[in-house]
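Reading through the structure tokens given below for one structure.
The values are calculated or read from the model by the stated rules, or taken from the named source; none is laboratory data. Note that the structure is a prediction, hence the values are computed from the model and not measured. Because the Cβ atoms are built from the backbone with ideal geometry, glycine has one as well, and the counts that use them run over all protein chains shown.
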There are 2 protein chains.
Amino acid sequence: MPTDRPQPAFVLVRPQMGENIGAAARAMWNFGLDRMRIVAPRDGWPNPNAVAMASGAGRLLDEAVLCADVPAALEEYHYVLATTARARGLTKPIVSPERAMQIAAEKIAGGEKVAVLFGPERAGLENDDISRANAIINVPVNPEFASLNLAQCVLLTAYEWQRAQGEVTPERVDMAKTDWAEQIEIEKLSVHYEDRLGEAGFFFPEAKAEGMKINLRNMWSRMPLTRADVQMLHGVMRQMVRWKNR
Amino acid sequence: MPTDRPQPAFVLVRPQMGENIGAAARAMWNFGLDRMRIVAPRDGWPNPNAVAMASGAGRLLDEAVLCADVPAALEEYHYVLATTARARGLTKPIVSPERAMQIAAEKIAGGEKVAVLFGPERAGLENDDISRANAIINVPVNPEFASLNLAQCVLLTAYEWQRAQGEVTPERVDMAKTDWAEQIEIEKLSVHYEDRLGEAGFFFPEAKAEGMKINLRNMWSRMPLTRADVQMLHGVMRQMVRWKNR
């Protein structure tokens with residue numbers, strides 16, 4: 001059974017080595033975190049190497065939620081942080097691990113669900129993954145030598161989560177009778193726009209289409225959208241299509 | 001060549017696995033630290049497994065200072081921190097990694113030399129090692145699951161060192177024309193007292209002698225002694241002996 005303590009989920013995106021998944025579980029549990037999600041692990045799931053490495057934290061692996069892709073992993077989350085070694089030229093707030101876990105603690109205290117994305121060992125998260133995050137966590141490593149591995153990145157983030165406990169006041173926002181949109185609502189909005197705009201020939205030329213789509217998704221996820229906002233934005237697009245079809 | 005940047009030395013005490021020494025070097029260099037000391041490594045020195053693991057941080061191993069024991073490793077240091085998983089019932093300040101590295105930064109900015117002790121993988125530092133430290137660093141891990149390994153402990157401490165940079169004002173103490181004692185001076189004072197007290201039959205009964213000696217060393221290292229203090233304390237003991245011999 002996971003602990004009752006409200007906490008962020010740590011989402012390992014396309015992890016490669018089972019050992020690293022196990023080490024990440026240990027790193028999390030060292031600081032009392034036990035909600036892991038695993039997106040498309042390279043070597044399948046369950047993974048005996050992960051189990052062997054996790055030892056005392058094996059429960060986290062048993063309870064880990066296996067997901068086919070990043071959107072599926074994030075469906076019910078409200079606020080998403082992405083860890084990267086490099087800034088990516090995406091217009092998104094970049095915060096320290098300390099600040100990130102303060103924000104996470106505030107949002108969780110306010111009733112939101114928070115997820116943190118960790119990329120695969122070699123390449124890290126892709127821009128497509130990062131485009132789904134509200135903010136980027138950047139660990140201030142030595143620019144001459146940035147070699148944090150997956151479990152170390154998880155460890156530092158979990159450590160900052162632990163540090164952020166006990167000094168938290170819930171983030172206060174007057175929500176005027178609506179809630180923050182969940183990630184699946186943002187995703188559906190994004191897909192809605194992408195589909196209609198695709199049909200409309202917006203993503204042109206072809207060579208630039210993928211980059212344009214990422215920029216678009218990036219914009220949606222960067223915005224603090226309420227459910228009411230999302231409905232309105234859907235309405236905008238539907239209206240445009242209706243107008244065209246008229 | 002080590003970097004010119006003033007920084008604490010990280011002292012690995014009786015490390016066992018070469019891989020862990022290499023991983024500790026990487027963890028240090030991720031946060032710009034490159035002064036390593038190694039006390040009595042189990043498998044000798046140099047260690048090919050350490051070199052293989054260190055990869056881009058191999059320079060730290062080439063430049064590491066090999067020491068026969070903890071007192072030798074600490075000779076010219078003024079302020080010593082010891083990392084432990086458990087409090088040990090030694091009367092010594094226990095600080096978080098964050099506070100420890102703030103203290104280190106203040107002392108270094110004030111011209112002192114600071115060392116941080118890390119224990120062997122299995123058992124951690126012994127009380128005899130810890131007795132030589134001015135303060136204890138305790139990482140606030142999950143009490144149900146404290147499984148930080150050597151390199152992870154080094155990583156968190158190095159990370160906090162990095163975080164403590166840029167917001168430091170030197171510790172200000174009016175030194176009244178004297179300096180803080182170096183560790184070798186404290187050690188000599190401790191030995192002086194221990195020898196004389198031993199001759200005096202102080203460490204009795206035999207079964208308790210070692211514990212009494214540790215408590216004594218612990219007291220000296222806990223005190224912020226100046227060179228002038230040390231000279232005076234030597235004088236006190238010499239005087240007692242002189243008095244006895246008179």
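Remark: residue A:117 falls outside the filter, which requires a residue to be touching a residue at least 12 places away in the same chain (Cβ under 8 Å), under 18 Å from residue A:20 (Cβ atoms) and assigned to a helix (DSSP H, G or I). Out of everything in segment B:37-70 that is charged (D, E, K, R) and in contact with an Asp or Glu (Cβ under 8 Å, 6 or more places away or on another chain), what residue ends up being farthest from the other protein chains (Cβ to nearest Cβ)? Among residues in segment B:37-70 that are charged (D, E, K, R) and in contact with an Asp or Glu (Cβ under 8 Å, 6 or more places away or on another chain), the one farthest from the other protein chains (Cβ to nearest Cβ) is B:63. Could you tell me whether residue A:51 is β-branched (Val, Ile, Thr) and touching a Leu at 6+ places or on another chain (Cβ under 9 Å)? Answer is yes for this residue.
So for segment B:17-30 (the condition being within 14 Å of chain A (Cβ to nearest Cβ), farther than 26 Å from residue B:163 by Cα and assigned to a helix (DSSP H, G or I)), does at least one residue qualify? Checking segment B:17-30: at least one residue is within 14 Å of chain A (Cβ to nearest Cβ), farther than 26 Å from residue B:163 by Cα and assigned to a helix (DSSP H, G or I). Evaluation of residue B:6 against the conditions (1) at pLDDT below 95; (2) on the phi > 0 side of the Ramachandran plot; (3) not hydrophobic (A, V, I, L, M, F, W, C) shows that the sole unmet condition is (2). If you go through segment B:108-127 and pick out every residue that is farther than 28 Å from residue B:179 by Cα and not charged (D, E, K, R), you end up with 5.
Test residue A:110 against the stated conditions and say whether it is buried (at least 21 other Cβ atoms within 10 Å of the Cβ), in contact with an Asp or Glu (Cβ under 8 Å, 6 or more places away or on another chain), on the phi < 0 side of the Ramachandran plot and touching a residue at least 60 places away in the same chain (Cβ under 8 Å). Considered against the rule, which asks whether it is buried (at least 21 other Cβ atoms within 10 Å of the Cβ), in contact with an Asp or Glu (Cβ under 8 Å, 6 or more places away or on another chain), on the phi < 0 side of the Ramachandran plot and touching a residue at least 60 places away in the same chain (Cβ under 8 Å), residue A:110 comes out as no.
The residue of segment B:146-202 that is modelled with the lowest pLDDT, among those that are within 22 Å of the chain's Cα centre (by Cα) and aromatic (Phe, Trp, Tyr), is B:180. When segment A:116-159 is filtered for residues that are within 9 Å of another protein chain (Cβ to nearest Cβ) and charged (D, E, K, R), only A:144 remains. Would you confirm whether or not segment A:223-230 contains a residue that is surrounded by 14 or more Cβ atoms within 10 Å (Cβ to Cβ), within 19 Å of residue A:135 (Cα to Cα) and not hydrophobic (A, V, I, L, M, F, W, C)? Checked against the condition, which is being surrounded by 14 or more Cβ atoms within 10 Å (Cβ to Cβ), within 19 Å of residue A:135 (Cα to Cα) and not hydrophobic (A, V, I, L, M, F, W, C), segment A:223-230 yields at least one hit.
Would you pick out the residues in segment A:28-66 that are farther than 18 Å from residue A:81 by Cα and surrounded by 20 or more Cβ atoms within 10 Å (Cβ to Cβ)? A:29, A:30, A:31, A:41, A:47, A:50, A:53, A:54, A:57, A:60, A:61, A:64 - these are the residues of segment A:28-66 that are farther than 18 Å from residue A:81 by Cα and surrounded by 20 or more Cβ atoms within 10 Å (Cβ to Cβ).
You will find that of A:99, A:163, the residue that is on the phi < 0 side of the Ramachandran plot, part of a helix (DSSP H, G or I), surrounded by fewer than 18 Cβ atoms within 10 Å (Cβ to Cβ) and within 14 Å of chain B (Cβ to nearest Cβ) is A:99 and no other.
Let's see how each residue does on (1) assigned to a helix (DSSP H, G or I); (2) touching a strand residue (DSSP E or B) at 6+ places or on another chain (Cβ under 7 Å); (3) small (Gly, Ala, Ser):
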position	(1), (2), (3)
A:107	yes, yes, no
A:111	no, no, yes
A:142	no, no, no
A:147	no, no, yes
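Scoring residue B:11 on the criteria (1) within 12 Å of chain A (Cβ to nearest Cβ); (2) within 19 Å of residue B:161 (Cβ to Cβ) leaves a single failure, condition (1).
Determine which single condition residue B:84 fails, assuming it passes every other condition in (1) crowded, with 19+ Cβ neighbours inside 10 Å; (2) within 14 Å of another protein chain (Cβ to nearest Cβ); (3) of a type in the set (S, T, N, Q). Among (1) crowded, with 19+ Cβ neighbours inside 10 Å; (2) within 14 Å of another protein chain (Cβ to nearest Cβ); (3) of a type in the set (S, T, N, Q), residue B:84 violates only (2). Taken over segment A:31-54, the criterion of being closer than 22 Å to residue A:7 by Cα and either free of Cβ contacts under 8 Å to residues at least 24 places away in the same chain or assigned to a helix (DSSP H, G or I) (or both) is satisfied by A:54 alone.
Results for (1) under 22 Å from residue A:80 (Cα atoms); (2) of a type in the set (Asp, Glu); (3) assigned to a helix (DSSP H, G or I), shown as yes or no for each residue.
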position: A:189; (1), (2), (3): yes, no, yes
position: A:195; (1), (2), (3): no, yes, yes
position: A:203; (1), (2), (3): no, no, no
position: A:215; (1), (2), (3): yes, no, yes
position: A:229; (1), (2), (3): yes, yes, yes
position: A:235; (1), (2), (3): no, no, yes
position: A:239; (1), (2), (3): no, no, yes
position: A:243; (1), (2), (3): no, no, yes
